[in-house]
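Here is the structure we will look at, set down as structure tokens.
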Amino acid sequence: EQSKKRCAGLKNVQAHEFIREMDLAYAAADVVVSRAGAMSISELCLVARPSVFVPSPNVSEDHQTKNAMALVSKQAALLVKDTEAKERLGDVVSTLMKNDEQRIFLANAIGAMAQNNAAERIVEEVKKLVPSEAEALAN
């Protein structure tokens, strides 16, 4: 709610508490500001959107920072610490929005990290761990 109020007067900026049709939101976005959960990161890699991550400080073992740093270290995303977001996030996003070259670079870099067909790959790995029906009957 606070984010919506802060963004109310800004041109071309939208803040949402929850979005049901993320595919449409990603398609419309020039830049995405997001927490750094594993699913969010994997989605952003697949849609190749320039991203600024603000890892949540309220997760175990600071795993969102680790997730974000996997991309930041490869120059595939930007990071703003939660404690610095009020002071820095607006400037970081504004600067990125004015820099077409950096947005294109980030989009290409994050897109290169996408894991296509992840569900199929997971199923194949699980199959390797589970004995086949014939093996189970023989034992």
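The values are calculated or read from the model by the stated rules, or taken from the named source; none is laboratory data. Since we're looking at a predicted model, the values are computed, not measured. In this analysis, Cβ positions are derived from the backbone assuming ideal geometry, glycine residues included, and neighbour counts consider all displayed protein chains. The area values use the complete protein model at the heavy-atom level, side chains included, leaving out ligands, DNA and RNA. Shrake-Rupley method; radii C 1.70, N 1.55, O 1.52, S 1.80 Å.
Share of the chain's accessible area from carbon and sulfur, percent, 1.4 Å?
53 percent
Solvent-accessible area of Leu89, probe 1.4 Å, all protein chains present, reported in Å² to the nearest ten, please.
The accessible area comes out at roughly 40 Å².
Show Arg6, Arg88 ordered by accessible area, largest first, where the area counts protein heavy atoms only and the probe is 1.4 Å.
Largest to smallest exposure gives the sequence Arg6, Arg88.
How many nm is it between the label spots at Glu124 and Arg6, if each spot is 7 Å from the Cα in line with the beta carbon?
Once both label points are built, they end up 4.3 nm from each other.
Estimate the FRET efficiency between Leu24 and Asp100 by the formula 1/(1 + (r/R0)^6), using the beta-carbon distance for r and 22 Å for R0, to the nearest 0.05. Present the calculation step by step, with values, prior to reporting the outcome.
On the way: r = 23 Å, r/R0 = 1.04.
With a Förster radius of 22 Å, E is 0.45.
Ignoring ligands and nucleic acids, what accessible area does Thr95 show with a 1.4 Å probe (Å², nearest 10)?
Surface open to solvent at Thr95 totals about 80 Å².
As a test question: what accessible area, to the nearest 10 Å², does Glu101 have when a 1.4 Å probe is rolled over all protein chains in place?
150 Å²
Would you list Ile110, Ile19 from the most to the least accessible area, probe 1.4 Å?
Working: Ile110 0, Ile19 55 Å².
Heavy-atom accessible area, descending, gives Ile19, Ile110.
Which label belongs to the value computed from this structure, given these candidates for percent of Cα pairs over 21 Å apart: [x] 50; [y] 46; [z] 34?
Read-out taken from this structure: [x].
For the chain, what is the calculated [θ] at 222 nm in deg cm²/dmol (nearest 500), taking -39500 (n - 2.57) for each run of four or more DSSP H residues and dividing by its residue count?
That comes out to -16000 deg cm²/dmol.
How would Val47, Val80 line up by accessible area, probe 1.4 Å, largest first? Kindly include the intermediate steps, with their values, before the conclusion.
Values: Val47 55, Val80 0 Å².
From most exposed to least exposed: Val47, Val80.
Between Glu61 and Ala114, how high is the FRET efficiency from 1/(1 + (r/R0)^6) when r is the Cβ-Cβ distance and R₀ = 22 Å? Nearest 0.05. Write out the running numbers ahead of the final one.
On the way: r = 25 Å, r/R0 = 1.14.
The computed FRET efficiency comes out at 0.30.
Counting only pairs 8 or more residues apart or on different chains, how many lysine pairs in the chain have their Cα atoms under 16 Å apart?
5
Are there chymotrypsin sites (Phe, Trp or Tyr not before Pro) in region 1-63 that DSSP marks as loop and that have at most 13 other Cβ atoms within 10 Å, and which are they?
Loop-located and lightly packed - Phe18.
Under a 1.4 Å probe, what is the accessible area of the chain per residue, stated in Å²?
Solvent-accessible surface per residue comes out at 73 Å².
Is region 42-94 best put as rounded, prolate or oblate by its Cα gyration tensor, with a ≥ b ≥ c the root eigenvalues, rounded for a/c under 1.5, and otherwise prolate when a/b is larger than b/c, oblate when not?
Note, shape of region 42-94 comes out oblate.
Given a 10 angstrom Cα cut-off, can you work out which residue in Ser73, Ser56, Ser40 is the most mobile in a GNM of the chain?
Looking only at Ser73, Ser56, Ser40, the biggest GNM fluctuation is shown by Ser73.
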